[in-house]
Amino acid sequence: MSKYYYDLHVHSCLSPCGDDDMTVNNISGMAALKGLQIIALTDHNTCGNCRPFYAACRKNGLIPVAGMELTTAEEIHMVCLFEELEQAEAFDRKLREYRLPVKNKPEIFGNQLLLDENDEVIGTEPYLLPPATSLPIEEAFKLASSYGAFCFPAHIDRPSNGILGILGTLPDHPSFPVVEYSGTADIKALEDAHPDLKTKRALTDSDAHYLWDISEAENALDLPDEPYSSAFVRHQLFRYLRGELGGGNA
Ligand SMILES: [Zn+2]
Ligand SMILES: [Zn+2]
């Protein structure tokens, strides 16, 4: 068992709102400098940079997690994490059917850069990524779960795109065992207002769009890591998320 510092919600330069300096090598290099061990890439409605992100994390000795921040039809942001890169890429292809077919205007919304593992730009995503998909939250949850995703509502303390701000409460369906807070959340006040939050496992992530916003080594989980491998520890992370490990935040 060791303490693993994590940040499970970070955007790359593929998100139009993400800084162009959020390359896969810059993100993993900065995360390593900050003392993190586990980091997830969660661009808006895409996993397009997850493969080079895996390679960059390997170079920096980090444990990568492939993910996406899905926008539901209600404009709720839901983080979907995948234990396997291939699951993320398969879900990425499926989600295209549900994305809004509106062209990006880079001069207004920002670039949507696809990278290789050396941070070379190998393409751009032509359609604007962040708008609401046509999937209501229950359908989005079911579809992502069918591709192996573990899903949790993002930054629930934020009025915009946070599930509490939009629905007023956590829904019964889907039932989320894990919720995400932003670094500035007053968790105690939220738990007082929504007592069912006390029964949830809590994550605190940065939602970084700029390099300096990536979490410091502040949020950790105790995870088994013998025999050590990146895939083994990632598997333990998913066991923790699914409630299969005891314990909690370290
Ligand atoms: Zn968000
Ligand atoms: Zn985000």
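Each value in this text was obtained by applying a stated rule to the coordinates, not by laboratory testing. Nothing here was measured: the structure is a model prediction, and the numbers come from that model. With ideal geometry, Cβ positions are generated from the backbone for all residues, glycine too; neighbour counts draw on all protein chains shown.
Data for the structure
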{"read-out": "Elements of type helices (runs of 4 or more DSSP H) contained in segment 98-189, each with 3 or more residues being under 23 Å from Glu84 (Cα atoms) and in contact with a strand residue (DSSP E or B) (Cβ under 6 Å, 6 or more places away or on another chain)", "value": "137-146"}
{"read-out": "Qualifying residue in segment 74-88 (condition: within 16 Å of ligand 1 (Cβ to nearest atom), touching a helix residue (DSSP H, G or I) at 6+ places or on another chain (Cβ under 9 Å) and of a type in the set (Val, Ile, Thr))", "value": "yes"}
{"read-out": "Sole exception among (1) over 14 Å from the mean Cα position of the chain (by Cα); (2) of a type in the set (S, T, N, Q); (3) under 17 Å from Gly18 (Cα atoms) for Asn118, by number", "value": "(3)"}
{"read-out": "Lone unmet requirement of (1) surrounded by 15 or more Cβ atoms within 10 Å (Cβ to Cβ); (2) without any contact (Cβ under 8 Å) to a residue 60 or more places away in the chain; (3) within 16 Å of ligand 2 (Cβ to nearest atom) for Pro159", "value": "(1)"}
{"read-out": "Candidate set from segment 205-218 (those that are in contact with a helix residue (DSSP H, G or I) (Cβ under 6 Å, 6 or more places away or on another chain) and part of a loop (DSSP other than H, G, I, E, B)); member that is nearest to ligand 2 (Cβ to nearest atom)", "value": "Ser206"}
{"read-out": "Hits in segment 31-73 - residues which are in a loop (DSSP other than H, G, I, E, B) and either within 16 Å of ligand 2 (Cβ to nearest atom) or under 16 Å from Tyr4 (Cβ atoms) (or both)", "value": "Lys34, Gly35, Leu36, Gln37, Asn45, Cys47, Gly48, Asn49, Asn60, Gly61, Leu62, Thr72"}
{"read-out": "Residue satisfying condition, being touching a residue at least 12 places away in the same chain (Cβ under 8 Å), buried (at least 21 other Cβ atoms within 10 Å of the Cβ) and among the aliphatic types (A, V, I, L, M), within set Leu114, Leu129, Leu170", "value": "Leu129"}
{"read-out": "Pairs where the first residue, in segment 178-204, is more than 20 Å from Ser160 (Cα to Cα) and the second is in a strand (DSSP E or B), C-beta under 9 Å, 6+ apart", "value": "Lys200/Phe152; Lys200/Val178; Lys200/Val179; Arg201/Phe152; Arg201/Val178; Arg201/Val179; Arg201/Asn249"}
{"read-out": "Checklist (1) away from ligand 1 (no atom under 12 Å from the Cβ); (2) among the β-branched types (Val, Ile, Thr); (3) out of contact with any helix residue (DSSP H, G or I) (no Cβ under 6 Å at 6 or more places or on another chain); (4) under 30 Å from Glu89 (Cβ atoms) applied to Ile163, failing item", "value": "(1)"}
{"read-out": "Meets criteria (buried (at least 18 other Cβ atoms within 10 Å of the Cβ), hydrophobic (A, V, I, L, M, F, W, C), within 16 Å of ligand 1 (Cβ to nearest atom) and under 22 Å from Tyr5 (Cβ atoms)) for Ala208", "value": "yes"}
{"read-out": "Selected residue (only one of Leu221, Leu237 is more than 16 Å from ligand 1 (Cβ to nearest atom) and either free of Cβ contacts under 8 Å to residues at least 24 places away in the same chain or not in a helix (DSSP H, G or I) (or both))", "value": "Leu221"}
